[in-house]
1. Among what's in the range 1-55 and is out of contact with any Lys or Arg (no Cβ under 6 Å at 6 or more places or on another chain) and polar (S, T, N, Q), pick the residue that is surrounded by the most Cβ atoms within 10 Å (Cβ to Cβ).
2. Tally time: how many residues in the range 28-77 are among the small types (G, A, S) and within 16 Å of the chain's Cα centre (by Cα)?
3. Just to be sure before I move on: is D63 touching a Gly at 6+ places or on another chain (Cβ under 9 Å), surrounded by fewer than 20 Cβ atoms within 10 Å (Cβ to Cβ) and under 17 Å from G25 (Cβ atoms) in the structure I sent?
4. Considering the range 116-169 alone, what residues qualify as being assigned to a helix (DSSP H, G or I), of a type in the set (A, V, I, L, M, F, W, C), over 15 Å from F95 (Cα atoms) and at pLDDT 90 or above?
5. Of all residues being under 21 Å from the mean Cα position of the chain (by Cα) and among the β-branched types (V, I, T) in the range 86-118, which is surrounded by the most Cβ atoms within 10 Å (Cβ to Cβ)? Just the residue, please.
6. What pairs come out if I take residues in the range 100-125 that are in contact (Cβ under 8 Å) with a residue 12 or more places away in the chain and pair them with residues that are hydroxyl-bearing (S, T, Y) and in a loop (DSSP other than H, G, I, E, B) whose C-beta lies under 6 Å away, six or more apart or interchain?
7. Take the conditions at pLDDT 95 or above and surrounded by 13 or more Cβ atoms within 10 Å (Cβ to Cβ) and apply them to L71. Does it pass?
8. Enumerate the pairs (first residue in the range 4-23 and among the acidic types (D, E); second residue anywhere and in a loop (DSSP other than H, G, I, E, B) and crowded, with 19+ Cβ neighbours inside 10 Å) with beta-carbon separation below 9 Å, excluding pairs fewer than 6 apart on the same chain, so at least 6 apart or on different chains.
Amino acid sequence: SRVLDMGCGKGDLLAHLQESRAVSGYGIEINPDNILSCIETGVNVIQADINAGLSVFDDRSFDYVIVSQALQALRRPDLVLDEMLRVGKQGIVTFPNFGFWRNRFQLGIGGVMPVSRTLPNPWYDTHNIHLCTFKDFEELCKEKGIRIISRAVVDYQHKSSLPMKLLPNLFGEVALYQFERA
């Protein structure tokens with residue numbers, strides 16, 4: 001499979017996929033220190049701002065395009081989804097669930113923006129500018145004609161539980177969605 005990892009950080013995910021699944025692909029990263037880490041671990045990386053689009057890639061260049069724990073930090077996540085599905089056959093995103101009960105409690109009872117394992121920074125020092133819930137993301141997909149292939153709801157350790165399955169928007173900390181154009 002050919003994979004594009006947008007906002008790849010130090011390249012850990014792509015390196016893991018190359019080793020365990022024999023995928024080929026590229027990472028896109030803006031941070032020079034992270035780019036150096038990618039190069040040191042043998043990950044093909046392009047320095048670019050994913051907010052500016054993916055014009056360097058032709059349509060359907062990749063089997064999968066991944067945005068892991070970065071969707072909420074993008075200026076226009078809706079437009080990034082369009083670009084993901086232009087250059088890739090399928091998209092995969094993960095993001096923290098702003099509807100998680102502890103976040104709701106901190107905001108509703110404490111009166112402060114949540115700080116948690118999945119949202120570790122205070123409001124004034126965070127890259128997260130478009131926080132959403134699972135339901136918000138699913139509504140966006142519906143509006144854009146995007147078909148959700150699969151969804152996983154997990155905690156910060158990537159484990160699931162019965163409460164998460166029964167009330168995912170309340171008890172799930174992290175979302176993982178696989179999707180394609182309908």
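1. Residue satisfying both the conditions and the ranking: Q18.
2. Residues that pass the stated criteria total 4.
3. When the stated conditions are applied, D63 passes them.
4. Once the filter is applied, which keeps residues that are assigned to a helix (DSSP H, G or I), of a type in the set (A, V, I, L, M, F, W, C), over 15 Å from F95 (Cα atoms) and at pLDDT 90 or above, the range 116-169 yields L162, L166.
5. In this case the residue turns out to be V93.
6. Qualifying pairs under 6 Å: R102/S116; R117/Y156; T118/Y156.
7. Answer is no for this residue.
8. The qualifying pairs are D5/G11; D5/V43; D12/V43.
The values are calculated or read from the model by the stated rules, or taken from the named source; none is laboratory data. Since this is a predicted model, take the numbers as computed values, not measurements. Every residue, glycine as well, gets a Cβ built from its backbone with ideal geometry; the counts of neighbours run over all protein chains shown.
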